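Q: Have a look at this one.
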Amino acid sequence: MATPVKQTTSATSRSIVAAAGRADQGAESAAAFAVEAERFADARVLRYRVPGFETLDRETKQLVYYLYEAALCGRELIYDQKYRYNLAIKRTLEQIVRHYEGDRDTDEFRALTLYLKRVWFANGIHHHYSHDKFEPGFGAEQFAAWVRDTPAQFPRRDGQSLEELIAELTPVIFDPRVDAKLVSKSADSDVLTRSAVNFYRGVTQEEVASFYSTKLAPGDATPISLGLNSRLVKERGALVEQVQKVGGRYTQAIERMVSWLTKAVAKAENEAQAAALRKLIRFYERGDLKDWDEYNVAWVNDTESDVDLIHGFIEVYHDPLGMRGTFESVVSVRDEEATRRIAAIADTAQWFEDHMPFLERHKKREVTGVTGKVINVVIESGDAAPTTPIGINLPNADWIRKDHGSKSVSLGNVVAAYNAVRGGADREFAYGEDELSRNERYGELALTLHIDLHEVIGHGSGQLEAGVASPSETLKNYGSTLEEARADLVALYFIVDPKLIELGVMPSLDVGHTAYDQFVRNGLMQQLNRVDLGKDVEEDHMRNRQLIAAWAYEHGRRDNVIEKRSRGGKTYYVINDYAKLRGLFGELLREVQRIKSTGDYAAGRELVERYAVKVDRALHAEVLERYAALNIPPYSGFIGPRLVPVEDAGAIVDVRIEYPDDFSAQMLEYADRYAFLPTWN
Ligand SMILES: [Zn+2]
């Protein structure tokens, strides 16, 4: 599970410069480092540093370099997984931008480059957050003319003429009715036929359910993650899984990943890390999901290494049925100092579990191996880039988490980059001076602690009742929203607990109260900035936040726990009673845990549909208006550093890190270096 960025991080000015250097960095880093590189459409592009990279020893740098290449080799998989036309469109547009010799100083050509930037930012032609197809902003005729007039190779199918390629892509790009939505979770229609994602071809939701129902062994205590690494298609009337592995689907990229991972094994820091990497390679070679589980167990057991790798088909948010994983990779180095804070929480995991407001039978008697740490990202790829989570907790399989534990990381240098550009929105939506000054003092710590608790304690907590299948089977399309809600509720429940003061991770309850202010402001108002007027809330994390905040608002109404106030024509939500609000969060947490533990689909559906989806139109319009006045892009993505091996007589003697600052240049560089997949898969 990944924790995305919250609305509360935001920029105030166009070019923000932060001195992100640290004492342990080389001389170069003493210079100011521009965090914000660029803005376009609803996005801004930031940069992060990798503190301490220069001081790693040569072997470790080599290891990081090999993992960096293994990560980037898979970067295009997400394009194809999201939508079967993404690679064709991306490559066609890239060819025009690279080679078109005509006039570029026109509104239409500028619209083309803007559209391509948005496609890069979203890894496809649907918005990464709203999932709506982009409007291109230039005409179909103009598109056809550019393709015809550009002296370059275009990604045609075998035997396809250029005109046929244009004819095939035109409705896909320009007709707003064609594959309008990336992922549809609407309850009242077949979610597969209404979603553009490329995980299924020619099959209905019902057929998928019956296909996998025969593959489930009832009572299996260690079930594999069915469907995680494949596409399901109908071939000659039969359902077939196309498995992503060496020799299978996406082999062209996977073979290269394996080759870099193999080099990495030789440079592993220790045997546990080498063992995990070998199991990952085996998984890619055979495509067997049992190997995937074995790899995850080995990965969880690799707790001593400084360098860590997340690499695989992992998050299932893009599959409306929550089975198939999009490719992502994160290569990171441990941040020792910050890790001590999160370790204090992780070491207390059993205390938290014992003090959960769950029903007794839903508590784990023994919490195993919850490890939490802070990492500094070196590179991210696939689903984790250019937009990145700020916290990650893996693996996703419930039984591995229960029997072997999980690893939870907070992305320290990414969070630092966000904090460097924080600003205005909190000022706009906070009600009083108290709330505001508290937010300025504790806002960053409140956010960090919330993420720590969400990842380290939240996702790993609780247990299913005996015989209840995994939530992806029982709660289906509501599973992800409810799981995120559960983890957020755990964080909210404990963030006002004096235990955290005792642990030395926060100075006073004001930090927790700040977290409550942030959460309520965001869940009821601020995050609506990411939804188009008239649309429902769709994204899982957003649904979860609205669910919690709206539920607490309604259930606390009699006692005026959260009060809706109006001042100068603006709406505010003000918390009057923090203790009672904690009680409400605890009550809802117990219920969400019960839903998960018993697989109560009907109750889960009712909670989500009632509180998490619908938006008050007038309030929504007000939020959009207030944000528009602030001029803050709602989404951020990152330009990654570049690692350059320094060779001497054919051997790598050092690895240099560079920090590019041009988003488009990096995307084109990646397109040159890492385009291994065929256009048509
Ligand atoms: Zn989460």
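Q: With each label point set 7 Å from Cα along the Cα-Cβ vector, what nm distance links residue 209 and residue 673?
A: For the pair residue 209/residue 673, the computed spacing is 4.7 nm.
Q: Now a separate question. Given axes a ≥ b ≥ c from the Cα gyration tensor, I'd like to know whether segment 64-136 is rounded (a/c under 1.5), prolate (a/b larger than b/c) or oblate.
A: The shape class here is oblate.
Q: On average, how much area does the Cα convex hull of the chain cover when viewed from any direction, in nm²?
A: 29.6 nm²
Q: First measure r as the distance between the Cβ atoms of residue 351 and residue 563, then evaluate 1/(1 + (r/R0)^6) with R0 = 25 Å and state the FRET efficiency to the nearest 0.05.
A: Calculated transfer efficiency: 0.15.
Q: Would you work out which of 106, 519, 392 lies farthest towards the positive end of the dipole of the chain, given +1 charges on the beta-carbon of Lys and Arg and -1 on that of Asp and Glu, about the Cα centre?
A: Of 106, 519, 392, it is 519.
Q: Using the Cα gyration tensor of segment 287-385, with a ≥ b ≥ c the square roots of its eigenvalues, what is the shape: rounded (a/c below 1.5), prolate (a/b larger than b/c) or oblate (neither)?
A: Oblate shape, in that a/c is at least 1.5 and b/c is the bigger or equal ratio.
Q: Could I get the Rg over Rh figure for segment 76-177? Both from C-alpha atoms, Rh via Kirkwood, rounded to two places.
A: 0.93
Q: OK, next. Percentage of Cα-Cα pair distances in segment 445-592 greater than 18 Å, rounded to whole percent?
A: Above the 18 Å cut-off, segment 445-592 has 59 percent of its Cα pairs.
Q: What are the residues whose amide H is under 5 Å from the amide H of residue 37, where those residues sit 5 or more places off or on another chain and H is modelled from the backbone?
A: Here 45, 46, 47 satisfy the definition.
Q: Moving on. Please list 198-204, 470-476 highest first by mean number of surrounding beta-carbon atoms within 10 Å per residue.
A: Per-residue mean Cβ counts within 10 Å order the peptides as 470-476, 198-204.
Q: Over what distance in Å are the Cα centres of segment 199-268 and segment 484-552 separated?
A: Cα centres, segment 199-268 to segment 484-552: 35 Å.
Q: Work out, step by step, the length gained on full extension between residue 661 and residue 163: first 0.36 nm times the residue separation, then minus their alpha carbon distance; give nm to one decimal.
A: 175.6 nm
Q: Excluding residue 130 itself, what net charge comes from residues whose Cβ is under 11 Å from its Cβ, given Lys and Arg +1 and Asp and Glu -1?
A: -2
Q: Tell me which residues come under 5 Å, amide H to amide H, from residue 636 once H is placed; ignore anything under 5 positions away on its chain.
A: The list, which skips near neighbours in sequence, is 44.
Q: Run the numbers on the chain and let me know its relative contact order in percent, using alpha-carbon pairs under 8 Å that are six or more apart.
A: 19 percent
Q: Going by average Cβ density within 10 Å per residue, which order do the peptides 146-159, 36-49 take, highest to lowest?
A: For the peptides 146-159, 36-49, the packing ranking is 36-49, 146-159.
Q: Distance cut-off 27 Å, Cα to Cα: go down the list 363/407; 535/580; 363/499 and report the pairs above it.
A: From the list (363/407; 535/580; 363/499), the Cα-Cα distance tops 27 Å for 535/580.
Q: Would you mind counting up the charge near residue 517? Only other residues with Cβ under 11 Å from its Cβ, with Lys and Arg at +1 and Asp and Glu at -1.
A: Within the 11 Å Cβ shell, the charges total -2.
Q: Additional query: Rounded to whole Å, give me the distance from the Cα center of segment 272-309 to that of segment 136-187.
A: That distance is 40 Å.
Q: Of 263/373; 181/614; 82/614, which pairs sit farther than 28 Å apart, going by alpha carbon to alpha carbon?
A: Cα-Cα > 28 Å for no pair; all within.
Q: Want the number for residue 436 to residue 233: 0.36 nm per residue separation, take away the alpha-carbon distance, what's left?
A: Between residue 436 and residue 233, full extension yields an extra 67.7 nm.
The numbers here are math on the coordinates, done by the rules we state, and not lab data. Computed from a predicted model, the values in this text were never measured in an experiment. Heads up, the Cβs are rebuilt from the backbone with ideal geometry, glycines too, and the neighbour counts pull from every protein chain shown.
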